[in-house]
Amino acid sequence: MDPIAARLSNCFQTVFPSLPEAQIPQATQSSVAAWDSTAAIMLVNVIEDEFGIEMDFDRLADLDSFERIRDYLSTVTQ
């Protein structure tokens, strides 16, 4: 697992503690029942703290999976 994915996985574990670690890389908003609008905001806050960034709230609707968030972080953290 690349460093960004590993750090992002920790963020997911913080927000979704009942989600098995092995399922995190495949997590999507539709596959994780607890991933509602409140959890999405919490996840953004945890990610911002972890990576020291401010996420673009206009893009939140597009950031609906672990993979899409990882791709986004790959572009903004370099």
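The values are calculated or read from the model by the stated rules, or taken from the named source; none is laboratory data. Values in this document were obtained by computation on a predicted structure and should not be read as measured data. In this analysis, Cβ positions are derived from the backbone assuming ideal geometry, glycine residues included, and neighbour counts consider all displayed protein chains. These accessible areas exclude ligands, DNA and RNA; they are computed on the full protein's heavy atoms, side chains included. Shrake-Rupley method; radii C 1.70, N 1.55, O 1.52, S 1.80 Å.
So the values come out like this:
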{"quantity": "Protein accessible area in the chain, 1.4 Å probe - carbon and sulfur %", "calculated": "49 percent"}
{"quantity": "Total charge dipole magnitude, the chain, about the Cα centre, Cβ charges on Lys, Arg, Asp, Glu only, Debye to nearest 20", "calculated": "180 debye"}
{"quantity": "GNM result for the chain, Cα springs below 10 Å: residue of Thr28, Thr38, Thr14 fluctuating most strongly", "calculated": "Thr38"}
{"quantity": "Fraction of the pair-distance distribution of segment 1-41 above 16 Å, Cα-Cα pairs, percent", "calculated": "27 percent"}
{"quantity": "Accessible surface, the chain, averaged per residue in Å² (probe 1.4 Å)", "calculated": "60 Å²"}
{"quantity": "14 Å reach of a label modelled at Asp49, 7 Å along Cα-to-Cβ, counting backbone N of segment 1-16", "calculated": "10-16"}
{"quantity": "Asp58/Gln13 FRET efficiency (R0 30 Å; Cβ-Cβ; nearest 0.05)", "calculated": "0.65"}
{"quantity": "Local net charge near Cys11, Cβ-Cβ under 13 Å (Lys/Arg +1, Asp/Glu -1)", "calculated": "-2"}
{"quantity": "Listed residue (Gln23, Phe66, Met55) projecting farthest to the positive dipole end of the chain, Cβ model", "calculated": "Gln23"}
{"quantity": "Extension gain, Ala22 back to Thr77 (0.36 nm per residue minus Cα-Cα distance, nm)", "calculated": "17.4 nm"}
